[in-house]
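Scroll down for the structure; my scribbles are underneath it.
The values are calculated or read from the model by the stated rules, or taken from the named source; none is laboratory data. What you are looking at is a predicted structure, and each value in this text was computed from that prediction instead of being measured. Quick reminder, even Gly has a Cβ in these numbers, built from the backbone with ideal geometry, and neighbours come from all protein chains shown.
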Amino acid sequence: AGSGRQAFAGLHADCGKRSHNESSMERERAVGVIFEDKGNRFSPSYYVCQNATDLNSYFHAFFPSPGLRSDVSSSPSTTSATTGPPPKLCLVCSDEASGCHYGVLTCGSCKVFFKRAVEGQHNYLCAGRNDCIIDKIRRKNCPACRYRKCLQAGMNLEARKTKKKIKGIQQATATGTRDAAEAAGNKSVVPASLPQLTPTLVSLLEVIEPEVLYSGYDSTLPDSSWRILSTLNMLGGRQVVAAVKWAKAIPGFRNLHLDDQMTLLQYSWMFLMAFALGWRSYKQSNGNLLCFAPDLIINEQRMNLPCMYEQCKHMLMVARELSRLQVSYEEYLCMKTLLLLSTIPKEGLKSQTLFEEIRMTYIKELGKAIVKREGNSSQNWQRFYQLTKLLDSMHDVVENLLSFCFQTFLDKSMSIEFPEMLAEIISNQIPKYSNGNIKKLLFHQK
């Protein structure tokens with residue numbers, strides 16, 4: 001099968017463990033619908049879920065008490081008259097839940113942990129790969145992964161404030177209009193609209209965003225194009241590994257056929273590297289320097305080294321355009337996800353219809369990020385036009401970068417080092433680009 005496929009095998013390491021019901025639900029529909037209880041009506045909220053378990057978790061968040069509703073239960077045992085209802089489990093660590101805390105069914109320990117984490121504004125860091133197992137026994141081992149799981153479950157401090165507010169309104173109403181309430185069947189008075197308690201897509205993208213990696217470049221030695229380019233390739237190899245893990249966590253992505261996931265990552269890795277570089281350079285130097293890593297910043301002197309200037313010029317353009325448009329973090333996260341979904345084979349993907357649904361979801365999410373930044377402004381469409389033009393321009397930037405990358409890879413006389421995983425991806429890409437077997441998904445006609 002080749003080491004390239006093995007390198008991406010982690011995308012679906014657990015695919016053989018899924019139950020029949022879960023896999024059939026994924027095949028049937030990857031875009032889940034959350035039903036929000038509004039009186040006697042249930043109004044759907046559009047949401048992309050990774051699998052059936054996630055969808056079940058969000059039902060927990062919306063129906064926290066007195067437990068999972070019987071009409072959304074996935075197990076026949078929940079209605080057994082002989083054994084009684086099963087214990088309610090914490091959605092973070094799977095310990096027995098003590099109630100609905102901050103909008104989610106959790107245990108007391110995770111409730112206290114989440115409150116302290118948010119109010120203390122702790123900057124937790126995972127000592128591993130941000131995928132630690134969080135259960136009753138190991139929940140204290142890694143606060144970073146535990147906090148991430150709290151957010152993914154939908155915990156929100158505002159949920160408690162909302163609950164108290166509703167309770168206060170209900171008590172005041174009951175005191176002031178007791179006779180009317182009794183006549184009306186003791187109906188509670190609830191505000192017409194409540195804050196959304198489930199995490200938004202963009203909040204999940206914030207949680208899964210990879211950490212900035214160090215390059216290991218030794219600045220005490222004289223600079224050379226060979227040393228810088230080789231270091232950047234080694235850094236790029238590790239960034240590709242981080243990108244695979246990031247893509248796995250993007251809501252909806254793992255519902256695509258495994259071959260499609262691998263194809264999208266192989267087509268988009270340079271897009272992701274260049275755009276993330278542009279963002280770091282924009283935030284750290286306003287687009288004047290190329291901030292590849294905290295220990296490897298390309299200044300004007302390094303840009304003028306042989307073979308460097310032309311490539312740096314293209315990458316600086318991205319950083320300066322991000323700076324000119326003053327792109328927000330939420331807009332950036334949505335745009336980066338869309339770049340993962342920006343190039344496909346000419347013949348299409350095996351999960352083409354599902355792919356188009358997921359891509360449209362993140363286009364809408366970018367629209368929401370623009371509205372959040374601009375408000376209900378007449379400038380929203382103009383900004384959407386500007387940001388999508390920038391996304392389209394990334395195809396030209398990446399084309400130039402890949403051309404140089406392929407050249408240095410094939411020209412052994414340059415002696416530029418490539419890590420094994422990156423070498424395999426490039427070897428796979430060269431014939432596809434040479435044969436023109438790529439389809440650019442553009443927002444605007446040239």
> Name the pairs: first residue in segment 352-368 and at positive phi and assigned by TED's automatic domain parsing to the domain that holds ASN380, second residue among the aromatic types (Phe, Trp, Tyr) and outside any helix (DSSP H, G or I), Cβ to Cβ under 8 Å, at least 6 apart or on different chains?
Replying inline: none
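Matching residues to (1) under 17 Å from the mean Cα position of the chain (by Cα); (2) part of a helix (DSSP H, G or I); (3) within 24 Å of ALA242 (Cα to Cα):
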position: CYS334; (1), (2), (3): yes, yes, yes
position: LEU338; (1), (2), (3): yes, yes, yes
position: LEU349; (1), (2), (3): no, no, yes
position: MET360; (1), (2), (3): yes, yes, no
position: LYS364; (1), (2), (3): yes, yes, no
position: LYS368; (1), (2), (3): yes, yes, no
position: VAL371; (1), (2), (3): no, yes, no
position: SER377; (1), (2), (3): no, no, no
position: ARG383; (1), (2), (3): no, yes, no
> Within segment 306-320, how many residues are surrounded by 12 or more Cβ atoms within 10 Å (Cβ to Cβ), in contact (Cβ under 8 Å) with a residue 40 or more places away in the chain and in a helix (DSSP H, G or I)?
Replying inline: 6
>> Among the residues in segment 408-429, are any touching a residue at least 40 places away in the same chain (Cβ under 8 Å), in the same structural domain as ALA249 (by TED's automatic domain parsing), assigned to a helix (DSSP H, G or I) and of a type in the set (Phe, Trp, Tyr)?
In response: no
> Tell me, which helices (runs of 4 or more DSSP H) wholly within segment 199-305 include 3 or more residues that are modelled with pLDDT of 95 or more and out of contact with any Gly (no Cβ under 7 Å at 6 or more places or on another chain)?
Replying inline: 225-249, 258-285
>> Cβ-Cβ distance below 6 Å, separation of 6 or more or different chains: which pairs start in segment 285-305 with a residue that is over 18 Å from SER323 (Cα atoms) and end on one that is in a loop (DSSP other than H, G, I, E, B) and of a type in the set (Gly, Ala, Ser)?
In response: ALA293/SER215; ASP295/SER215; LEU296/SER215
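In segment 366-386, which residues are among the small types (Gly, Ala, Ser) and under 19 Å from PHE443 (Cα atoms)?
Initially, segment 366-386 is screened for residues among the small types (Gly, Ala, Ser), giving 367, 369, 375, 377-378.
Once the filter is applied, which keeps residues that are among the small types (Gly, Ala, Ser) and under 19 Å from PHE443 (Cα atoms), segment 366-386 yields GLY367, ALA369.
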> Do the conditions hold for CYS334, that is, is it crowded, with 17+ Cβ neighbours inside 10 Å, touching a Leu at 6+ places or on another chain (Cβ under 8 Å) and not polar (S, T, N, Q)?
Replying inline: yes
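Here are GLN386, GLN382, GLN445: which of them is over 30 Å from SER230 (Cα atoms) and outside the structural domain of LEU277 (by TED's automatic domain parsing)?
Numbers: GLN386 fails: outside the structural domain of LEU277 (by TED's automatic domain parsing); GLN382 fails: outside the structural domain of LEU277 (by TED's automatic domain parsing).
It is GLN445.
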